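The values are calculated or read from the model by the stated rules, or taken from the named source; none is laboratory data. This structure is a prediction, so every number in the text was calculated from the model and none was measured. Cβ placement follows ideal geometry from the backbone for every residue including glycine, while neighbour counts extend to all protein chains displayed. Calculation scope for accessible area: heavy atoms of the full protein, side chains included, ligands and nucleic acids excluded. Shrake-Rupley method; radii C 1.70, N 1.55, O 1.52, S 1.80 Å.
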Amino acid sequence: MLFDMDGVLFDSMPNHAYAWSHAMTQFGLEMTAYEAYLHEGRTGSGTINILAQRYWGRDATEEEIERIYAAKAELFNTLPEPKPMPGALEALTAAKELGCMIVLVTGSGQVKLLENLEAHYPGFFRQELMVTGFDVKRGKPDPEPYLMGLEKAGIKATEAIVVENAPLGVESAKGAGIFTIAANTGPLEDSILKDAGADIVVPGMMDVARLFRKQYPASEA
Ligand code: MG
């Protein structure tokens, strides 16, 4: 079982969306919080360049990328610490009860959240079964992070299930050939996650736990 982190294990996306949209605006690049959700999972430079192309008609320079990303990180760090996502602990527990290996696949390199994993989800994650922003070159929506997750776990795509919340994360997982459950924990329409290739879309992580326990949908339990 391969789990994404932001918007799946931590309710961190509102902070990311706020920080991205406000940091971009400081540099004359208009980005709504809603659009930040559409870009979730992309590398920082990838997101910045999409806006730079739109408003400046060119890619941002290395220096601009550094300054914008630093502004985003600075804003993000002033925001209250993201809370664990409701239902995530139940989903991880259900996965463990099924005897599944638990792998983290995130594009994030936020040391704080990675450290918090152990505090909030003790005993579920192991360093050698984590793919983070420090490991990947291309990042989501490229299949690279999920392919790396399979490799670390020593399992085939057909033996795995991904839990994602973002369209680009779903695209990455499906590109790696993995069955993908989308927990729609943000403001995007379900159809965006379905169009990205999600096999199942559910409203939240508690529903993922119910799926693992074969209690979903509740009316058919
Ligand atoms: Mg996510």
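Quick notes on this one:
- When VAL111, VAL131 are checked against the criterion of being open to solvent by 70 Å² or more (accessible area, probe 1.4 Å) and of a type in the set (A, V, I, L, M, F, W, C), VAL111 stands alone in meeting it.
- Residues that are basic (Lys, Arg), assigned to a helix (DSSP H, G or I) and without any contact (Cβ under 8 Å) to a residue 40 or more places away in the chain do occur in the stretch 105-119, at least one of them.
- The single residue among ASP195, ASP199, ASP190, ASP142 that is free of Cβ contacts under 8 Å to residues at least 12 places away in the same chain and charged (D, E, K, R) turns out to be ASP190.
- Any hit, the stretch 18-28, residues being closer than 30 Å to PRO122 by Cβ and touching a residue at least 40 places away in the same chain (Cβ under 8 Å): yes
- Filtering the stretch 35-57 for residues that are within 25 Å of LEU211 (Cα to Cα) and aromatic (Phe, Trp, Tyr) leaves a non-empty set.
- Scan the stretch 20-59 for residues that are more than 16 Å from the ligand (Cβ to nearest atom) and small (Gly, Ala, Ser) and the total you get is 6.
- The residues on offer are MET85, MET31, and the sole one that is buried (at least 21 other Cβ atoms within 10 Å of the Cβ) and within 22 Å of PRO141 (Cα to Cα) is MET31.
- Filtering ALA71, ALA95, ALA17 for residues that are surrounded by 16 or more Cβ atoms within 10 Å (Cβ to Cβ), modelled with pLDDT of 95 or more, outside the structural domain of GLY154 (by TED's automatic domain parsing) and more than 12 Å from the ligand (Cβ to nearest atom) leaves a single hit, ALA71.
Yes/no matrix, rows are residues, columns are (1) part of a loop (DSSP other than H, G, I, E, B); (2) within 13 Å of the ligand (Cβ to nearest atom):
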| position | (1), (2) |
| --- | --- |
| LYS137 | yes, no |
| VAL162 | no, yes |
| LEU168 | no, yes |
| LEU193 | no, yes |
| LEU211 | no, no |
| GLN215 | yes, no |
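- Only one entry in LYS137, LYS152 is surrounded by fewer than 20 Cβ atoms within 10 Å (Cβ to Cβ), touching a strand residue (DSSP E or B) at 6+ places or on another chain (Cβ under 9 Å) and over 26 Å from VAL201 (Cβ atoms), namely LYS152.
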